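Worksheet for the structure shown next.
A short reminder: the numbers here are calculations on the coordinates, not readings from a lab. Source: prediction; values computed, not measured. When we count neighbours, we look across all protein chains shown, and the Cβ atoms used for this are built from the backbone with ideal geometry, even at glycine.
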Amino acid sequence: MPNRKFRIGRARTGLGLFATEPFKKREYIVTYRGRMLRNPEAERLEARGSRYMFEVNTRWTIDGSKRSNVARYVNHSCRPNAEAIERRGPTIVYCARRRIKPDEEITVDYGKDYFAAFIGKSRCQCPKCRERRAEQQAKRRAKAKRAARKRLKLRRERRIAAKSKR
Ligand SMILES: [Zn+2]
């Protein structure tokens, strides 16, 4: 395909879309392609396991499950570098939220509902969530260490006290 400035590659959560050339802020990246469905039908399909439904507005959803829709490879991030924009059609395009460097993974925020239903804070693999979990774990470890040190100190004091009694 011409004018493509990205490639599909291995990401932390399976496949992902990666920039092959720089993108300027607000630059067009890719269009979310697929058949248009009325929202109730899209909801039925989603209930049966479809994961690529993109709700455009109060009436229409794009079923982006076809492999030819390369935008489906764009993964979620809580701190994304791209965003979905509604264009006339209606249609959805992904544009850069900030400058994107080559080899950076292109990500968008899937939105609260999708996040709550399919991802969740404890499982999100985006850098922001991984950082948050690492910090929490470091805090837990530091706390455990402090507690262990305290136990050791108490034991030592007890030992000294026992010795002095003898
Ligand atoms: Zn996240």
Projected onto the charge dipole of region 22-166 (+1 at Lys/Arg Cβ, -1 at Asp/Glu Cβ, origin at the Cα centre), which of LEU45, VAL56, VAL108 gives the Cα projection farthest towards the positive end?
VAL108
Among the listed pairs LYS128/LYS150; LYS112/LYS143; LYS112/LYS139; LYS24/LYS66; LYS25/LYS121; LYS139/LYS163, those beyond 30 Å (Cα-Cα)
LYS128/LYS150; LYS112/LYS143; LYS139/LYS163
So if we plug the beta-carbon distance of THR58 and CYS78 into 1/(1 + (r/R0)^6) with R0 = 30 Å, what FRET efficiency do we get, rounded to 0.05?
0.75
Relative contact order, percent, the chain [alpha-carbon distance under 8 Å, six or more residues apart]
23
Electrostatic dipole magnitude of the chain [Cβ: Lys, Arg +1; Asp, Glu -1; Cα centre; debye, to 20]
2420
Placing +1 on each Lys and Arg Cβ and -1 on each Asp and Glu Cβ in region 126-166, then taking the dipole about the Cα centre, the residue among SER164, CYS129, LEU154 whose Cα reaches farthest towards the positive end is SER164
Within region 66-82, find all residues whose amide N lies under 18 Å from a label point positioned 7 Å from the Cα of PHE115 along Cα-to-beta-carbon.
74-82
Subtracting the Cα-Cα distance of GLN125 and LYS24 from 0.36 nm times their residue separation yields 33.8 nm
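Classify region 126-166: rounded, prolate or oblate, from the alpha-carbon gyration tensor (a ≥ b ≥ c, eigenvalue square roots; a/c under 1.5 rounded; otherwise prolate if a/b is larger than b/c)?
Details: a/c = 10.93, a/b = 10.63, b/c = 1.03.
Here region 126-166 falls in the prolate category.
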Give, rounded to the nearest 20 debye, the magnitude of the charge dipole that region 97-140 has about its Cα centre when Lys and Arg contribute +1 at Cβ and Asp and Glu contribute -1 at Cβ.
260
